[in-house]
Amino acid sequence: MQPVKDNERVKRMLEKGQTAILDPSTGYKYSITACCPADGSFSSISEIEKSGESITRTVFRCPRCANLFEAKAEDIYLW
């Protein structure tokens, strides 16, 4: 499965403090991912910062080059 761009769903997830969400119709659990600016690999979430319930900062770690990078909500995919 390829990462899917869904800005509205990602924004709702971050507002609710979620990094993963279950699709009730398929049973598939989607997690957030972002593309590494150094080598283009899709990366896993490494750190988050919250304000209240909402996630305000996301940091990802690239599995290929170990680069740590921040991603804005509009740069996050569901995988």
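The values are calculated or read from the model by the stated rules, or taken from the named source; none is laboratory data. Since this is a predicted model, take the numbers as computed values, not measurements. Neighbour counts are summed over all protein chains in view; Cβ atoms, including those assigned to glycine, are modelled from backbone coordinates with ideal geometry.
Quick look at the numbers
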quantity: Verdict on residue 31 being assigned to a strand (DSSP E or B) and not acidic (Asp, Glu); calculated: yes
quantity: Scan of the range 8-21 for residues that are loosely packed, with under 13 Cβ neighbours inside 10 Å and either modelled with pLDDT under 95 or touching an Asp or Glu at 6+ places or on another chain (Cβ under 7 Å) (or both), ordered by number; calculated: 16
quantity: Residues of the range 49-59 satisfying the condition of being over 10 Å from the mean Cα position of the chain (by Cα) and part of a strand (DSSP E or B); calculated: 49, 50, 51, 54, 55, 56, 57
quantity: Residues of the range 3-28 satisfying the condition of being part of a loop (DSSP other than H, G, I, E, B), farther than 12 Å from residue 75 by Cβ and in contact (Cβ under 8 Å) with a residue 60 or more places away in the chain; calculated: 6
quantity: Of the criteria (1) in a helix (DSSP H, G or I); (2) within 15 Å of residue 75 (Cβ to Cβ); (3) of a type outside the set (A, V, I, L, M, F, W, C), which one residue 40 fails; calculated: (1)
